[in-house]
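Engineer: Below is the structure I would like to discuss, written out as structure tokens.
The values are calculated or read from the model by the stated rules, or taken from the named source; none is laboratory data. Just so it is clear, the structure is predicted and the values come from calculations on it, not from any experiment. Positions of Cβ are generated from backbone atoms using ideal geometry, with glycine treated the same way; all protein chains shown enter the neighbour counts. Please note that ligands, DNA and RNA were not included when accessible areas were found on the heavy atoms of the full protein model with its side chains. Shrake-Rupley method; radii C 1.70, N 1.55, O 1.52, S 1.80 Å.
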Amino acid sequence: MVRFFIDPGTPVQQFLVLTGENAAHAKVLRLKAGDAVTVSDGQGADWRCTISDVSPGQVSLVVNSKISSVSEAHVQVSVYMAFPKSDKLEHVIQKATELGAFEIVAFPSARCVSRPDAKSLAKKQERWQKIAVSAAEQSGRSRIPQVILLESYQAALARAAQAELAILFYENEHAVTLRMALERKPWQTVSLLTGPEGGLEEAEVTQARQTGLEVCTLGSRILRCETAPLCALSAVMYAAHEF
């Protein structure tokens, strides 16, 4: 069923009107009166609606019922990724949203080649958030993951450490596996932190341990920076019985 997101806090009563990008999207999809759609506030609330009228620039809906979301994971998994080159972060945002990530957090680290300034970051964040919205619509989610940008590696560690299980992946770690970390204690919130193309420096890994993160391996093969977070997220979702 086609899904539209409205601004959180929008009053939803007997009728709704979609305008702007939502109306344009409905036109592209050639929706017509009588078609059923789902409307979500992006924070977990869904409503089943029926289109009553389609006119230039707006789509009128009759709200039939509020429904419980069945698409959101019962665990909150945050993906932390050091700024990569090119459009790799766009790929991770899209796929992590599809896989059920609670949020995607980007930050600088010592070996990051990409170091966008504040002005360009503001524009990029807007684009990245739109990618998350589009991926949430496509995958039938009722919640849009927030794309969060942090100013430093230290800030990323401090924030990630607040989860019940906070993990940093390091290619030179060989003793502790992700499976071992997941089986040590119950968890409902998880932070998964990965480095950039050149990996993390040993001093950064030491700092992560001191902050309380568990340092793990993702196996005997070195994964690309855009592969590692998605691999880890998929494994956590499987362990949480989401697959």
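Engineer: Based on DSSP loop calls and a cut-off of at most 12 other Cβ atoms within 10 Å, the longest stretch of the chain free of exposed trypsin sites (Lys or Arg not before Pro) is what?
Structural biologist: 33-183
Engineer: THR189 versus THR211, label points 7 Å from Cα toward the beta carbon: distance in nm?
Structural biologist: 1.5 nm
Engineer: Which of GLU201, GLU226, GLU90 moves the most in a Gaussian network model of the chain with Cα springs under 10 Å?
Structural biologist: Comparing GLU201, GLU226, GLU90 in a Gaussian network model of the chain, the most mobile one is GLU201.
Engineer: Helix 88-99 versus the longest principal axis of the chain: what angle, 0 to 90°, nearest 10, using Cα atoms?
Structural biologist: Value to nearest ten degrees: 70.
Engineer: What spacing in nm lies between the two simple spin-label points modelled at SER139 and LEU121, each 7 Å away from Cα in the Cβ direction?
Structural biologist: 2.5 nm
Engineer: Of the accessible area of the range 125-173, with the probe set at 1.4 angstrom, what percent is carbon plus sulfur?
Structural biologist: Of all accessible area on the range 125-173, carbon and sulfur atoms account for 44 percent.
Engineer: Now for a separate question. What does the extension gain come out to for GLN146 and SER65, with contour length at 0.36 nm per residue minus their alpha carbon separation?
Structural biologist: 26.5 nm
Engineer: Using Cα pairs under 8 angstrom and six or more residues apart, how large is the relative contact order of the range 1-68, in percent?
Structural biologist: Dividing the mean separation by the residue count of the range 1-68 yields 37 percent.
Engineer: Taking a ≥ b ≥ c as the square roots of the Cα gyration tensor eigenvalues, with a/c under 1.5 meaning rounded and otherwise prolate when a/b beats b/c, else oblate, which class fits the range 194-243?
Structural biologist: Oblate shape, in that a/c is at least 1.5 and b/c is the bigger or equal ratio.
Engineer: Let me ask something additional. As an exercise, identify the chymotrypsin sites (Phe, Trp or Tyr not before Pro) in the range 122-215 lying in DSSP coil whose Cβ has no more than 10 other Cβ atoms within 10 Å.
Structural biologist: Nothing satisfies the criteria.
Engineer: Sticking with this one: What is the ratio of the Cα radius of gyration of the range 1-88 to 2.2 N^0.38 Å, where N is its residue count, to two decimals?
Structural biologist: My calculation over the Cα atoms of the range 1-88 gives 1.31.
Engineer: Which value, in Å to one decimal place, does the Kirkwood hydrodynamic radius take for the range 151-243 when every pair of different Cα atoms is included?
Structural biologist: For the range 151-243, inverting the mean 1/r across all distinct Cα pairs yields 13.4 Å.
Engineer: Answer rounded, prolate or oblate for the range 93-206, using the Cα gyration tensor with square roots of eigenvalues a ≥ b ≥ c: rounded when a/c is under 1.5, else prolate when a/b is larger than b/c, else oblate.
Structural biologist: oblate
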